[in-house]
1. Test of understanding: what is the full-extension gain from Asp146 to Ser457, defined as 0.36 nm times their sequence separation minus their Cα-Cα distance?
2. Sorted by mean Cβ packing within 10 Å, highest first, what order do the peptides 177-184, 252-259, 118-125, 34-41 take?
3. Which of the aspartates and glutamates could a cross-linker bridge to Lys94, judged by Cα under 17 Å and excluding same-chain residues fewer than eight apart?
4. For Gly233, what residues show an amide H to amide H distance below 5 Å, using hydrogens built from the backbone and excluding near sequence neighbours?
5. Considering only protein heavy atoms and a 1.4 Å probe, what is the carbon-and-sulfur percentage of the accessible area of region 159-287?
6. Carbon and sulfur together cover what percent of the accessible area of region 64-132 at a 1.4 Å probe radius?
7. Could you give each residue of region 143-149 its phi-based ³J(HN,Hα) in whole Hz, using Karplus coefficients 6.51, -1.76, 1.60 with θ = phi - 60°, and x for Gly or Pro?
8. For region 94-231, with every protein chain kept in place, what is the accessible area per residue (1.4 Å probe, Å²)?
Amino acid sequence: MRDEEWIMVRRPTVADLWNPCSSYSTSRPLKVIFNEPAKYWTDALPVGNGRLGAMIWGGVASELIQLNEDTLWTGVPGDYTNPNAPYALSEIRKLVDSGEFAEATAAAAKLVGNPADVYQLLGDIKLEFDDSHLNYDKETYQRELDLDNAAVQIKYTVDGVEFSREHFASNPDQVMVTKISGTKPGSVSFTVYLDSKLDHHCKTNGESQIIMEGHCPEKRIPPQVYADDKPKGIQFSAVLDLKISKGNGIVHILDDSKLRVEGSDWAILFLVASSSFDGPFTKPSDSKKDPTSDSLNVLKSISNLSYVDLYAHHLDDYQNLFRRVSLQFSKSSRSVVCLKKNQDGRVPTTAERIKSFQMDEDPYLVELLFQFGRYLLISSSRPGTQVANLQGIWNKDLEPKWEYVYIPFLLFFSFNLACVISAPHLNINLEMNYWPSLPCNLSECQEPLFDFLSSLSVNGRKTAE
């Protein structure tokens, strides 16, 4: 058989299923690559641990990390059954029987009640670096998502100093981690703070923490900041904890809400978040959960773990799922295609490869697409989390525009996360969200779907009647 011929992918053995990492091949990189910071939200890179998610923009002088937590929604428990639906259904049937299909389609709008409540955003981590970063060497910039280790890395050079940032979201330790470092001692200086479009307030806690507390609106309307002294929507808390190198570096508190790092070798940001959500049948106002206390307890539980420890836990957990399936379409994709460089000597970006795909068939790009879909499902749906909604767990809007459920496998092809609203409707699109779970050996990732269906069955009986 020639090198360029297609080969058959064998069915995994029982031994492979019990020991998923044993036969996994890492001989070719599974990376989504950019050579510049994101200009649009759809160009940012997603990380997630099933419950917490972030979109990494990769800015140089200023960085934006947009955050999500999967229980933050508008609305409260209630009876959302449309009492007029039986009468509307009768009218629609008569129109269909009469062949008046256009009229029947228009009348079908009466089957739907009030607009569905929607998924909200958590907020942002904002980083501001020195003005020297405005003049970074653009030729050295690289931003990539490594699907095999579920981590985003950004690298660039300023005045001969290489700076790097590493981001990952750990499921076993329930924390999002960012490490910032430079190759020159004492070169890391920046200001960090939290922000949100939701009603919120921020304050420092001690010398190295920022606490952001806020709440979602009770109804699906844009909130007015600080307008409600007694919020009735879901309350949330996010806590950012900061560690810097010993010996070099100092941390200042600014405006009682920001932290300023000066002259450190490296800095590590730990972000945890919790909400007052206590199940689909508990009103937020009746919840006994304390989001801030819960978040601080998570930080306390990992206080003795190093960055290496957290990363090792993350890798072990994630790769146990991701490495269950490897896909190879042609032998050439293992060596030539994925490593072929441009005339300027650099590896082509993923966007460039998508554009050239029409002229230059690239089996490795299809493999990358397949594995990106698995990565998204692992990152947005884990046992105990909420069901993966229309955008997984990634959303930047208080009022997303469309009310349909997105398909993770299509996300990579268009690099478009923002075209649809976040709402887990029970139409075909929700099922499509979870189609990859069993064929791709991710059965654990579909558990939130069955939890969701079980909770729906309670009020679903009334609706069916």
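1. Extra length available between Asp146 and Ser457 comes to 108.1 nm.
2. Those peptides, ordered most packed to least, come out 118-125, 177-184, 34-41, 252-259.
3. Within the straight-line cut-off, Lys94 pairs with Glu103.
4. Glu218
5. 46
6. Accessible surface attributable to carbon and sulfur in region 64-132 totals 57 percent.
7. 10, 8, 10, 8, 5, 6, 10
8. Using a 1.4 Å probe on heavy atoms only, each residue of region 94-231 averages 48 Å².
The values are calculated or read from the model by the stated rules, or taken from the named source; none is laboratory data. This one's a predicted model, so the numbers in the text were calculated from it and none came from an experiment. Glycine gets a Cβ as well: all are built from the backbone with ideal geometry, and neighbour counts include every protein chain shown. What goes into the accessible areas is simple: the full protein's heavy atoms, side chains included, and nothing from ligands, DNA or RNA. Shrake-Rupley method; radii C 1.70, N 1.55, O 1.52, S 1.80 Å.
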